Amino acid sequence: MRDQLNIAWHGGLSLPPARIAIHDLTGRLVASGATDPSVGAAIWHADAVADGTYFLTLYDRNGVVVASRLFSKQE
């Protein structure tokens, strides 16, 4: 990915994502925010973040991890 990460989820989840968190490999929180679970998608604008590898974690409204993925940002 370059400067934008498109995040999508399907409606079959028991509880859809309500919050997104992105951490670098040291565990430092780089970005976080609420989602609109009814939309089924979110976009993270990463132009201010350095190239590297990051963890994306999606949480439901109770703070339970719904999904987690490793991804790389590079120009």
Open item on the list: What's the total number of residues in segment 34-63 that are loosely packed, with under 10 Cβ neighbours inside 10 Å, within 14 Å of Pro17 (Cα to Cα) and not hydroxyl-bearing (Ser, Thr, Tyr)?
Closed with: 2
Task: Positions within segment 36-72 being among the acidic types (Asp, Glu) and modelled with pLDDT of 90 or more, in sequence order - done: Asp51, Asp60
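Has segment 51-66 got at least one residue that is part of a strand (DSSP E or B), free of Cβ contacts under 8 Å to residues at least 60 places away in the same chain and among the basic types (Lys, Arg)?
So far as segment 51-66 goes, no, none of its residues is part of a strand (DSSP E or B), free of Cβ contacts under 8 Å to residues at least 60 places away in the same chain and among the basic types (Lys, Arg).
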Open item on the list: Here's a check for you: in segment 1-30, which residue that is in contact with a His (Cβ under 9 Å, 6 or more places away or on another chain) and in a strand (DSSP E or B) is surrounded by the fewest Cβ atoms within 10 Å (Cβ to Cβ)?
Closed with: Leu29
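The values are calculated or read from the model by the stated rules, or taken from the named source; none is laboratory data. Note that the structure is predicted; figures quoted are calculated from it, not measured. Quick reminder, even Gly has a Cβ in these numbers, built from the backbone with ideal geometry, and neighbours come from all protein chains shown.
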